[in-house]
């Protein structure tokens, strides 16, 4: 037994001795990039974890991925197949340089999307879509991270023989403590684990990729063509029909503002819009994890502070009503210095005011009529609202 143990130790030392030694993260990543550049395809399984700023829960997605690099492709730099299994749901996305085919197996249906016309969001806008973000399609981006003189990179050797690169990016208000981590197998020059973290308003976002079953240069364009034929011959295919801009249209100026009610935060006293007849009401539909909503807060604070009691600013929130989310509300208010009234409502108010995206903003005059609406946020919000309000006073 003792001889066997010594033999295993000798093998381990021999293995480590045969692995290349690197003195800097840039030197190692240069070799990784060169190794990736001569590999045209990759297949792997990944367990992808994501925790967002506004949540205490970590989402986990097991995903199988196949990618064929074609650098001249302007969307994903190559062909992609990804298959996702999560909590009883199963779906796949195939990109063949022209079209994205999404199959939802429980529906036995395929929907096509036009990525060259902006419909790549079916992959990039889905949490599981980040499973493809393993730096294979554009490996040169790895070098840019360590060559950026504002970043700090550290190279370490782990007990399992892998290299661990930490890249710390400078704080840039409102984002802090941005870090990227890469774990690299030196024998194959393969990134088999990576992570990213960033802090916003005291909350962390965290993403983590754990790769296994990694294979290179086993795929050709024919594999993706066969996959497309399999999907389109087995399931009915329909083209995605984007919403018309009129689908997001808010109430028209001149319409009477629908009566709505809710609870004032934090007193939970009953609130009614009708109580504000005779005043100009600026009403903002928002929720905490909406970045454009957060960007609008300083502008609405300025309106709240600049006008007297004849103007009331109200934030209508119908999405943060559960007990778990409400526990975060006091901290959110403090961090964003939110100074105007908050009203908690069910989705009735959103429905009556045709709100389908956030933030959605209304100005209601003293007689209870809609005089101005705006969907989304822009930096001219304060000036725009001031002009509208001054015309009413």
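For residues that are over 20 Å from the mean Cα position of the chain (by Cα) and surrounded by 18 or more Cβ atoms within 10 Å (Cβ to Cβ), tally how many sit in the stretch 100-111.
So in the stretch 100-111, the residues over 20 Å from the mean Cα position of the chain (by Cα) come out as 101, 103-111.
If we keep only those that are surrounded by 18 or more Cβ atoms within 10 Å (Cβ to Cβ) as well, we get 101, 103, 110-111.
Final tally of qualifying residues: 4.
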Considering only residues that are outside any strand (DSSP E or B) and either under 21 Å from the mean Cα position of the chain (by Cα) or not assigned by TED's automatic domain parsing to the domain that holds residue 130 (or both), which ones fall in the stretch 57-73? 57, 58
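In the set 47, 58, which member is farther than 29 Å from residue 143 by Cα and surrounded by fewer than 16 Cβ atoms within 10 Å (Cβ to Cβ)?
Numbers: 47 fails: farther than 29 Å from residue 143 by Cα.
None of the others qualify; the one that does is 58.
Regarding residue 36, is this residue under 28 Å from the mean Cα position of the chain (by Cα), modelled with pLDDT of 95 or more, surrounded by 10 or more Cβ atoms within 10 Å (Cβ to Cβ) and over 26 Å from residue 198 (Cα atoms)? First the steps, then the outcome.
Values: under 28 Å from the mean Cα position of the chain (by Cα): yes; modelled with pLDDT of 95 or more: yes; surrounded by 10 or more Cβ atoms within 10 Å (Cβ to Cβ): yes; over 26 Å from residue 198 (Cα atoms): yes.
Yes; evaluated as a whole, the condition is true for this residue.
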Which of (1) outside any loop (DSSP other than H, G, I, E, B); (2) closer than 21 Å to residue 263 by Cβ; (3) modelled with pLDDT of 95 or more is the odd one out, the single condition residue 331 does not satisfy? (3)
Return the residue satisfying two criteria in turn: it lies in the stretch 186-199 and is crowded, with 17+ Cβ neighbours inside 10 Å and assigned to a strand (DSSP E or B), and of such residues it is modelled with the lowest pLDDT. 199
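Are any residues in the stretch 155-165 surrounded by 12 or more Cβ atoms within 10 Å (Cβ to Cβ) and in contact (Cβ under 8 Å) with a residue 24 or more places away in the chain, and if so, which ones? Steps first, answer last, please.
To start, the set of residues in the stretch 155-165 that are surrounded by 12 or more Cβ atoms within 10 Å (Cβ to Cβ) comprises 155, 157, 161-165.
Listed by number, the residues that qualify are 155, 161, 162, 163, 165.
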Could you please find all residues in the stretch 121-154 being within 14 Å of the chain's Cα centre (by Cα) and part of a loop (DSSP other than H, G, I, E, B)? 125, 126, 133
Could you figure out which of (1) out of contact with any helix residue (DSSP H, G or I) (no Cβ under 6 Å at 6 or more places or on another chain); (2) touching a residue at least 24 places away in the same chain (Cβ under 8 Å) isn't true of residue 380? (2)
Any residue at all in the stretch 75-89 that's assigned to a helix (DSSP H, G or I) and assigned by TED's automatic domain parsing to the domain that holds residue 129? no
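Just give me the residues in the stretch 132-153 being in contact (Cβ under 8 Å) with a residue 24 or more places away in the chain and touching a helix residue (DSSP H, G or I) at 6+ places or on another chain (Cβ under 7 Å), in sequence order. Outline the logic, then answer.
Step one: filter the stretch 132-153 for residues in contact (Cβ under 8 Å) with a residue 24 or more places away in the chain, giving 132-140, 142-143, 145-147, 153.
Listed by number, the residues that qualify are 135, 136, 139, 140, 142, 143, 146, 147, 153.
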Testing residue 219 on (1) at pLDDT below 95; (2) surrounded by 12 or more Cβ atoms within 10 Å (Cβ to Cβ); (3) part of a loop (DSSP other than H, G, I, E, B), one condition comes back false. Which one is that? (1)
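Tell me, which strands (runs of 3 or more DSSP E) lie completely within the stretch 244-328 with 3 or more residues that are surrounded by fewer than 19 Cβ atoms within 10 Å (Cβ to Cβ) and in the same structural domain as residue 364 (by TED's automatic domain parsing)? Talk me through it step by step, then tell me what you get.
On the way: elements: 261-265, 270-272, 280-285, 311-317.
Here the list reads 261-265.
The values are calculated or read from the model by the stated rules, or taken from the named source; none is laboratory data. Values in this document were obtained by computation on a predicted structure and should not be read as measured data. A quick note on method: Cβ atoms are made from the backbone with ideal geometry, for glycine too, and the neighbour counts reach across all protein chains shown.
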